[in-house]
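The values are calculated or read from the model by the stated rules, or taken from the named source; none is laboratory data. This is a predicted model, so every value here is computed, not measured. FYI the Cβ positions are ideal-geometry reconstructions off the backbone, even for glycines, and counts take in every protein chain you see. These area figures cover heavy atoms from the full protein model, side chains too; ligands, DNA and RNA do not enter into them. Shrake-Rupley method; radii C 1.70, N 1.55, O 1.52, S 1.80 Å.
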Amino acid sequence: MRRGGNPDVADPKTTDQKGVSAMTVTITQPEADAADAAPADSATAAPEQQPEGIAETPQPQEAVMIPLAALIVHPGNVRKNLNLNREFIASIKAEGIIEPLEITASATPGLYNLIDGHRRMAGAFKAKHSAVPCVFKAARADDVAGQFLDMVMTSRHKEKLTTQEEANALFAAYEAGADINRLAKAYGKKETVNAALKAATLPAETQEAAAKTAAEAEYAWTVEQLAALSEFADDAEATARLLEAFNEDQFAWQAERERADRAESSARQEIRELHKTAGVMLYEYDDAPAGLVKLATMPTTGGKGIEPEAHAACPGHVAVFERYGTPRVFYACADSETCEHIDREHFTVPAVPVLPTNAEAVLMDAAKKAEESARRKRVIKGNTDWRAARTVRHKWLADLMARTSLSREDTDAITRWTAENYLRMSWVVSSGISGYVGQADLKAELLGVKNPNWSELTAKASAKRLLLFTFLPLVTAYEKNMHDQQWRTDGRYDYRSEREQAAAWLTFLMSLGYKISPIERAVLEGRDYAPGTPAPAESSLENEDGQDEADDADPQDETAPDENGPGLNRDGSDQD
């Protein structure tokens, strides 16, 4: 039964609330608790005989409601930082004071010295409560040393619930009938409550593993991290990677990597199921048969190209996964010799490459293909890692932009960085703040505001918020420079000057508390990043993920990836 409440005291003299004792505040001394009462004479106060094996029913220490006006702050209170945060005040408004304050008699009748509970008393005052539940300690009135020891011991031996235990308790409350609104008032924002409810669904063995990992790392999980971990409760390997990442303080980055991998795997599986149902043969890019003619560039009597639906009845109709970007397919004909849709007058039959015949040549060809495949996978994986880092960084920047207060150190750092960059006006800043595609969207994303009205925002903003608003264009300018190829050092992707600016940006964010990922550290330190395998000494890799292909493709490359599939010329025929 809850020992505190949310009283609304009309008469300052008395309080009578359900679940607590009524008490007149003018009394000199409330009823002492059992520990402070004088021991009864054993001859005259023999306990009643209890049946064997049945313990006497314990009597709980009684809490009484005392008006705040009757409490005197302890003159030697050692707690200086009350930390009256918004969540703490909201919880008191919603559920009242759960743990009674400890008081004792003062020299003034009707007033009581507060021993323990100064933060709760201040929180109750902020929450506009009139009275708080208290436990009276008569023996402490003349024991000043004991008062200070109570302050120490109540704090020293108070073991907080872990984040997981809090989540489990909230879930139990939810199961018992508490709705999200009630939980949010008691615990925090609805987003935090929802995260806690997700965290509570973690299997027991994962909860134990997470607790062990936190003990090894010597820092606690956040409820958001546990909620993210619950997303992969059905994947033991992903869970193991996330636990390892937490131990290395890279959990957020690894979680984004896992989400990207899962989304891609799910999308590819959906595409496979669709083509299986439609009866269309689907190939991975590297496994596609030689001599394909891509439908988009196939010469036909009606012009160039044919829709997949119009070609579907052809025996050679196939689909091939694109090698670049998000999972998608292109359609082609694997039987160009008999395809009735092809305009033979404008078509050259593709030549199928001659396969090596001797063993040595076969091995060399296989080794070359394996090397190219490994290079592609390295770049694709690197792109995934870089984008995961960007997602984490943008979330961190959004949290920074949402702050209503800044420390003196952060205020000074942002002010100096902003002034220096506007005065120096480097090419990164000048090109970034002059406007580019996506700049307005990124500003809105980081502020968490759709179609922001800058006049209204600046008119209502505090000085600290105005500083962040002034800083925002620099944020978007430097983030523009963190493009998809920034992490690469192979071939013509070695953007030295851009990487120097990226390194400066990451260094500054670190000074504000941002934790960089391994791929960002590689950029900061100006070295190669090779996920899983060492980076090749030399590479002529093209943009392996299909992003910005028009900008990155070599205009002299007749097999640029944005135009054709495996072994296709620009006219749709095979390469010579």
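Here Ala240 meets each of (1) among the aliphatic types (A, V, I, L, M); (2) surrounded by fewer than 19 Cβ atoms within 10 Å (Cβ to Cβ); (3) part of a loop (DSSP other than H, G, I, E, B) with one exception, condition (3).
When region 121-137 is examined, which residues are found to be surrounded by fewer than 24 Cβ atoms within 10 Å (Cβ to Cβ), outside any loop (DSSP other than H, G, I, E, B) and not aliphatic (A, V, I, L, M)? Of everything in region 121-137, those that are surrounded by fewer than 24 Cβ atoms within 10 Å (Cβ to Cβ), outside any loop (DSSP other than H, G, I, E, B) and not aliphatic (A, V, I, L, M) turn out to be Gly123, Phe125, Lys126. The residue pairs whose first member lies in region 134-154 and is basic (Lys, Arg), whose second member is in a helix (DSSP H, G or I), and whose beta carbons are closer than 6 Å, counting only pairs six or more residues apart or on different chains, are Arg140/Gly146; Arg140/Gln147. The conditions of being on the phi > 0 side of the Ramachandran plot and open to solvent by less than 50 Å² (accessible area, probe 1.4 Å) are not met by Gly146.
Within region 245-280, the set of residues being closer than 14 Å to Ser517 by Cβ and either touching a Cys at 6+ places or on another chain (Cβ under 7 Å) or acidic (Asp, Glu) (or both) comprises Glu248, Asp249, Glu256, Glu258.
Pairs meeting the criteria (first residue in region 340-369 and more than 14 Å from Leu292 (Cα to Cα) and at pLDDT below 80, second residue outside any helix (DSSP H, G or I) and open to solvent by less than 70 Å² (accessible area, probe 1.4 Å), beta carbons under 7 Å, at least 6 apart or on different chains) are Val362/Pro356; Asp365/Pro356. Being among the polar types (S, T, N, Q), buried (at least 16 other Cβ atoms within 10 Å of the Cβ) and over 27 Å from Lys369 (Cα atoms) is a property that does not hold for Thr277.
Kindly provide the set of residues from region 303-345 that are open to solvent by 20 Å² or more (accessible area, probe 1.4 Å), assigned to a loop (DSSP other than H, G, I, E, B) and among the hydrophobic types (A, V, I, L, M, F, W, C), ordered by number. Once the filter is applied, which keeps residues that are open to solvent by 20 Å² or more (accessible area, probe 1.4 Å), assigned to a loop (DSSP other than H, G, I, E, B) and among the hydrophobic types (A, V, I, L, M, F, W, C), region 303-345 yields Ile306, Ala312, Ala313, Ala334. Residues of region 151-177 that are of a type outside the set (Asp, Glu) and surrounded by 15 or more Cβ atoms within 10 Å (Cβ to Cβ): Met151, Thr162, Thr163, Gln164, Ala167, Asn168, Leu170, Phe171, Ala173, Tyr174. If I ask for residues that are crowded, with 16+ Cβ neighbours inside 10 Å and in contact (Cβ under 8 Å) with a residue 40 or more places away in the chain, which ones from region 453-474 would you list? Answer for region 453-474, where residues must be crowded, with 16+ Cβ neighbours inside 10 Å and in contact (Cβ under 8 Å) with a residue 40 or more places away in the chain: Arg465, Leu467, Leu468, Phe471, Leu472, Pro473, Leu474. Screening Thr348, Thr415 for residues that are among the polar types (S, T, N, Q), surrounded by 13 or more Cβ atoms within 10 Å (Cβ to Cβ) and in a helix (DSSP H, G or I) leaves exactly one candidate, Thr415.
Restricted to region 183-201, and to residues there that are open to solvent by 60 Å² or more (accessible area, probe 1.4 Å), in a helix (DSSP H, G or I) and modelled with pLDDT of 90 or more, the residue that is nearest to Thr239 (Cα to Cα) is Lys198. Within region 352-369, if we keep just the residues that are part of a loop (DSSP other than H, G, I, E, B) and among the hydrophobic types (A, V, I, L, M, F, W, C), the residue that is surrounded by the fewest Cβ atoms within 10 Å (Cβ to Cβ) turns out to be Val354. On inspection, Arg378 passes the criterion of being in contact (Cβ under 8 Å) with a residue 24 or more places away in the chain, within 30 Å of Leu506 (Cα to Cα), part of a helix (DSSP H, G or I) and open to solvent by less than 60 Å² (accessible area, probe 1.4 Å). Test Ala477 against the criterion of being closer than 28 Å to Asn247 by Cβ and buried (at least 19 other Cβ atoms within 10 Å of the Cβ), and give yes or no. No; evaluated as a whole, the condition is false for this residue.
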